[in-house]
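One structure is given below, encoded as structure tokens.
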């Protein structure tokens with residue numbers, strides 16, 4: 001009888017685990033957006049391989065993703081207002097809802113229970129239950145003029161809060177979601193003209209909105225909100241003619257290293273270096289063209305920069321100690337996005353026009369691998385699940 005019971009347990013274990021082959025963690029996994037086909041590739045970074053695909057995700061021409069706190073589920077925000085929940089372990093679409101007309105990004109709450117989506121159309125922020133994707137809160141972003149505003153720069157911050165900017169109204173709002181039935185909204189008005197994106201420092205303390213309508217940025221100390229919004233870097237373009245802006249810089253994924261922040265300058269061929277103690281300009285680094293992303297390697301030693309059309313075939317690497325460009329790479333036309341592996345030994349780069357994702361060693365700059373991906377853009381690894389504001 002004992003022998004029979006042992007046999008039954010072994011068989012059940014065999015069936016449940018699929019010989020053990022199906023059991024794996026998600027710590028080295030992620031996804032790559034295929035912007036033209038409304039699909040994603042599920043990837044793993046240990047062996048640099050593609051594990052699966054998920055289709056039917058709508059307009060992903062400007063898509064981004066966040067992860068559940070266990071890293072298993074990705075929440076994808078599409079340009080058509082779609083919010084998709086994806087199981088990356090099984091490469092399946094769990095649920096998809098059309099929550100707006102044109103969404104620009106989203107965030108997941110500190111406790112992982114809420115997913116918030118920022119909308120260009122109709123404007124405002126909508127908040128969903130992360131398990132069911134049921135709508136739990138609708139926050140119309142109505143400015144002082146009574147008009148509904150486009151919302152940008154939505155991030156999660158400690159205290160079960162979301163922070164975001166109103167593009168049309170020139171405001172920053174904090175939404176405290178501790179009571180989902182009655183969100184508490186704190187508004188900061190007249191923060192600057194046309195905030196186009198926002199970011200939060202890795203410790204969750206400072207929220208910064210980039211301004212398209214004027215030089216400078218808007219800084220909000222979330223530990224001391226009674227001080228209001230402070231303008232910083234107001235003089236970086238004064239007296240100089242701006243170049244045509246082919247693509248707005250992205251502030252999310254910005255680099256902080258060595259007590260400095262590295263920010264792409266709007267309409268300039270420069271990276272701005274900012275002292276994070278005083279939030280004053282410390283220097284400017286001339287670069288190849290108009291920067292889009294300036295992303296820091298996890299150890300803070302390097303900043304990798306890509307560029308807007310028509311000079312988007314290039315990557316440049318800045319050494320943080322010397323504040324000099326130490327390497328220029330030419331992966332090919334359409335370098336759209338970069339993502340570092342969690343400890344920074346490799347960086348994955350999407351090269352849209354060549355239909356591939358390239359993987360580089362961040363010490364030697366050697367290209368290690370090239371994966372075939374249709375019109376790749378955003379790359380999002382599960383390590384983001386454990387970081388504030390990503």
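The values are calculated or read from the model by the stated rules, or taken from the named source; none is laboratory data. Predicted model, so just to flag it, every value in this text is computed and none were measured. Positions of Cβ are backbone-derived with ideal geometry, glycine not excepted, and every protein chain shown enters the neighbour counts.
Output the residues belonging to the stretch 328-349 that are loosely packed, with under 14 Cβ neighbours inside 10 Å and either in contact (Cβ under 8 Å) with a residue 24 or more places away in the chain or within 21 Å of the chain's Cα centre (by Cα) (or both). Within the stretch 328-349, 328, 343 meet the criteria. Being out of contact with any helix residue (DSSP H, G or I) (no Cβ under 9 Å at 6 or more places or on another chain) and free of Cβ contacts under 8 Å to residues at least 40 places away in the same chain holds for only one residue in 316, 290, and it is 316. Restricting to the stretch 259-271, and then to whatever is buried (at least 16 other Cβ atoms within 10 Å of the Cβ) and farther than 16 Å from residue 198 by Cα, can you tell me which residue is modelled with the lowest pLDDT? Looking at residues that are buried (at least 16 other Cβ atoms within 10 Å of the Cβ) and farther than 16 Å from residue 198 by Cα, I get 267. Residues that are in a strand (DSSP E or B) and modelled with pLDDT of 95 or more were ranked within the stretch 181-196; the one that is nearest to residue 264 (Cα to Cα) is 188.
Taken over the stretch 317-359, residues that are under 23 Å from residue 47 (Cα atoms) and outside any strand (DSSP E or B) amount to 9.
When restricted to residues that are touching a strand residue (DSSP E or B) at 6+ places or on another chain (Cβ under 6 Å) and either outside any strand (DSSP E or B) or under 18 Å from residue 370 (Cβ atoms) (or both), the stretch 41-53 contains 8.
Residues in the stretch 220-229 that are surrounded by 15 or more Cβ atoms within 10 Å (Cβ to Cβ) and outside any loop (DSSP other than H, G, I, E, B): 220, 221, 229. Taken over the stretch 173-189, the residue count meeting the criterion of being over 13 Å from residue 125 (Cα atoms) and within 22 Å of the chain's Cα centre (by Cα) is 0.
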